[in-house]
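Visitor: Here it is: the structure, laid out below.
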Amino acid sequence: MNEVLAAIRERRSVRVFRPDPVEREKVEAILEAARWAPSGKNTQPWRFVVVESAANRAELARLVPQRDMIAHAPLTLAILLDRKAGYDELKDAQGIGACAQNVLLAAHALGLGACWIGRARDREVEALLGAKEGEELMMLIPIGYPAENPAPRDRRPLGELVRRI
Ligand SMILES: Cc1cc2nc3c(=O)[nH]c(=O)nc-3n(C[C@H](O)[C@H](O)[C@H](O)COP(=O)(O)O)c2cc1C
């Protein structure tokens with residue numbers, strides 16, 4: 001199968017991580033994939049905060065419900081939407097979704113695991129991240145070497161999803 005299609009098919013949400021650090025080149029490659037996502041009018045309204053120091057990871061874990069996942073991941077990528085860079089609430093959010101999917105696929109392609117945590121607009125987390133005026137948290141993505149190999153979750157068959165007209 002084509003490599004991109006295989007990565008899309010084989011990626012899983014990984015929620016348990018080994019403590020091994022993630023190489024800086026891999027983190028850069030993930031960020032590079034993120035910034036190449038499509039966005040409405042090419043506004044690129046995403047901003048990234050890499051949470052990697054032990055102190056900030058612990059503080060972030062304290063603020064979210066799935067604290068073990070965040071605490072054990074060697075890094076968590078926060079994606080923020082810069083409202084000043086965007087132009088339309090729905091289209092900005094769509095672009096941010098594409099960006100997050102690029103992150104998940106890049107992590108998978110590099111042998112890493114990741115999980116999209118839909119934690120949005122959380123004032124305490126935004127303060128920890130140093131969010132600037134107009135920046136809103138859209139999601140957190142803990143990333144690390146997988147310590148689990150989750151089975152694929154069900155997907156609805158295309159027959160239920162597709163209409164041809
Ligand atoms: C918008 C969005 C929000 C999500 N929020 C969470 C979350 O808060 N916690 C979590 O463990 N997984 C979260 N997930 C991951 C989904 O649970 C997961 O993608 C889905 O169950 C399918 O599993 P798979 O990614 O392994 O195919 C989220 C995914 C998306 C796209």
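Values quoted throughout were computed directly from the atomic coordinates according to the rules given, and no laboratory measurement underlies them. Predicted, not measured: the structure shown is a model, and the values here were computed from it. Here Cβ is always computed from backbone atoms with ideal geometry, including for glycine, and neighbour counts include all displayed protein chains.
Visitor: What does the charge add up to near VAL51, with Lys and Arg as +1, Asp and Glu as -1, over the other residues with Cβ less than 10 Å from its Cβ? Display every interim value, and only then the final one.
Guide: Working: positive: ARG57; negative: GLU52, GLU59.
Local charge sum for VAL51: -1.
Visitor: Report the Rg/Rh value for the chain, based on alpha-carbon coordinates and the Kirkwood definition of Rh.
Guide: Values: Rg = 16.2 Å, Rh = 16.6 Å.
Computed over Cα atoms, the ratio is 0.98.
Visitor: Once the mean 1/r over all distinct Cα pairs of the range 50-148 is inverted, what Kirkwood radius in angstroms do you read off?
Guide: Details: mean 1/r = 0.0723 Å⁻¹.
Its Kirkwood hydrodynamic radius stands at 13.8 Å.
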